[in-house]
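First up is the structure itself, then whatever we jot down about it.
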Amino acid sequence: MTISKGWRAGHRTTNIAVNNCIDDSYVIISFMDANSRQSSEERPLQRRVLGMDVGKRRIGLAVSDPLGITAQGLETLHRQNKRLDFEALGKVIEKFDVAEIVVGYPLLMSGMEGRGAENMRGFVEELQERFQLPVHLWDERLTSTQANRLLRETDMSIKRRGQVVDQMAAVLILQNWMDARTV
């Protein structure tokens with residue numbers, strides 16, 4: 001994958017190209033301006049962040065890119081029982097080399113904690129105990145509404161939108177959390 005971006009630095013235009021190596025263990029960032037030859041610098045990739053929109057029947061999942069800039073949706077986990085749910089989450093955590101987890105925190109519209117928020121705290125404690133990773137709660141108010149609104153703007157059928165709304169909500173939760181960290 002290559003991302004190239006140009007911008008003006010003083011009176012020069014600088015271009016950056018980002019290339020992942022084959023095994024995704026590092027990234028090569030190339031800097032080049034019009035008046036100089038190309039130089040490269042290797043930087044280790046960060047481990048990824050897993051975003052979760054946890055519901056009673058489904059868990060929407062998203063994962064950050066290796067640079068921690070964008071969130072991509074993963075297949076939604078259809079809940080069965082606690083043991084199988086945690087087993088499936090463990091596979092995702094291992095597959096994507098997850099370093100930390102962000103879980104949507106279902107606060108009431110007033111900002112107060114309700115029963116859903118209390119239940120989520122218990123779920124988060126189990127996640128931390130089971131996987132020994134930092135878990136962050138992130139305010140998820142209106143993310144499902146926002147996800148539905150975004151999906152309605154596509155050509156997707158109503159049935160398909162229903163299948164991906166949890167995934168989209170997880171993407172929004174994770175992306176909002178990552179954006180807040182970089183500010």
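Compare the peptides 61-67, 135-141, 90-96 by average per-residue count of other Cβ atoms within 10 angstrom and give them in order, highest first.
61-67, 135-141, 90-96
Taking the mean number of other Cβ atoms within 10 Å as a proxy for protection, how do you rank 159-166, 98-105, 48-55 from highest to lowest?
48-55, 98-105, 159-166
Report the full-extension gain for the segment His78 to His136: residue separation times 0.36 nm, less the Cα-Cα distance, to one decimal in nm.
Length difference between fully extended and current span is 18.7 nm.
Quick one: if you stick a label point 7 Å off each Cα along the C-beta vector at Glu126 and Lys56, how many nm between them?
It is 1.5 nm.
Once label points are set 7 Å from the Cα along Cα→Cβ at both Arg161 and Lys91, what is their separation, rounded to one decimal in nm?
Roughly 3.0 nm, to one decimal.
If I stretch the segment between Arg152 and Thr182 completely, what's the gain in nm (0.36 nm per residue apart, minus their alpha carbon distance), one decimal?
Contour length minus the Cα-Cα distance gives 7.9 nm.
Which peptide among 124-130, 79-85 comes first, and what is the full order, when sorted by highest mean count of other Cβ atoms within 10 Å?
124-130, 79-85
Place a point 7 Å from Cα of Asn119 in the direction of its Cβ. Which residues in segment 68-85 have their backbone N less than 20 Å from it?
Residues 76-85 qualify, since their backbone N sits under 20 Å from the label point.
Here, each number is a calculation from the coordinates, and none is a lab measurement. Given the structure is predicted, the values throughout are model-derived calculations rather than measurements. Using ideal geometry, Cβ is built from the backbone for each residue, glycine included, and neighbour counts are taken over all protein chains shown.
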